[in-house]
Amino acid sequence: MARTSMQDMRGLVDPMLNYNWDFVVPNIPGGGDARSLTIKAASCNLPGVTLDVVPVTLHGVTLNYAGMERYGQGFALNYLETRDLGTRATLRNWIEYARNTRLNSGTEKSAYSTSVNLLMYDDVPSIARTLTGYGVWPHTLQEITLDNGGQAQAVMVQVLFAYDYHDEA
């Protein structure tokens, strides 16, 4: 096998650029402006996957086998907040739709969870890959630090979406 060369490098397709994506929640359980969430999505993680290691020891030898497939801890997103505080309100309403502590009420998972699409684009722009998450709901809405003594900057809303599994196409 020859060492990697410039000719090999020139044969690569263009790189994926870290800003060519959309996170789409087609319908927000409990209501809200789905398109606004897509537009305000500033950063997102691409969830990973892990296979459990199942060691089997017999006769002085240990062999490792693939066990359960486990998905990452969730979709972590940062959203731009606007002066109407609509981003946080939409996510907070979704959380309260799932479980409302003040009213001691909630709803079933089939109602508060949804499917989402993480669309990754090439430069044309065509969709290069779609990651679909199933059983998605907001798990953690992070606190926001407000600072009237520092440098002015846009407020970001951080949310971690839990999900059951994802597939890619």
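I'm told ASN148 meets every condition in (1) over 30 Å from PRO15 (Cα atoms); (2) among the polar types (S, T, N, Q); (3) modelled with pLDDT of 95 or more except one. Can you identify the failing condition by its number?
ASN148 satisfies all of (1) over 30 Å from PRO15 (Cα atoms); (2) among the polar types (S, T, N, Q); (3) modelled with pLDDT of 95 or more except (3).
Scan GLU69, GLU81 and give me the residue that is of a type in the set (D, E, K, R), within 22 Å of the chain's Cα centre (by Cα) and at pLDDT below 95.
GLU69
Just wondering, is there one or more residues in region 72-87 that are of a type in the set (Asp, Glu) and surrounded by 14 or more Cβ atoms within 10 Å (Cβ to Cβ)?
yes
From the list TYR65, TYR19, which residue is out of contact with any Cys (no Cβ under 6 Å at 6 or more places or on another chain), aromatic (Phe, Trp, Tyr) and not in a strand (DSSP E or B)?
TYR19
In the set LEU46, LEU103, LEU58, LEU63, which member is modelled with pLDDT under 95 and more than 21 Å from the chain's Cα centre (by Cα)?
It is LEU103.
Would you check which residues across region 1-16 are of a type outside the set (Lys, Arg) and outside any helix (DSSP H, G or I) and list them?
Of everything in region 1-16, those that are of a type outside the set (Lys, Arg) and outside any helix (DSSP H, G or I) turn out to be MET1, ALA2, THR4, SER5, GLY11, LEU12, VAL13, ASP14, PRO15, MET16.
Does THR82 satisfy the criteria of being in contact (Cβ under 8 Å) with a residue 40 or more places away in the chain and outside any helix (DSSP H, G or I)?
yes
Give me the pairs, please: first residue somewhere in region 138-162 and touching a residue at least 60 places away in the same chain (Cβ under 8 Å), second residue anywhere and basic (Lys, Arg) and outside any loop (DSSP other than H, G, I, E, B), beta-carbon distance under 8 Å, and either six or more positions apart or on two chains.
ILE144/ARG88; VAL157/ARG88
Just name the residue that is surrounded by the most Cβ atoms within 10 Å (Cβ to Cβ) out of those in region 122-145 that are at pLDDT 95 or above and among the aliphatic types (A, V, I, L, M).
By that ranking, first place goes to VAL136.
The values are calculated or read from the model by the stated rules, or taken from the named source; none is laboratory data. Worth saying up front: this structure is predicted, and the values here are computed from it rather than measured. Please note: Cβ atoms are built from the backbone with ideal geometry, for glycine as well, and neighbour counts cover all protein chains shown.
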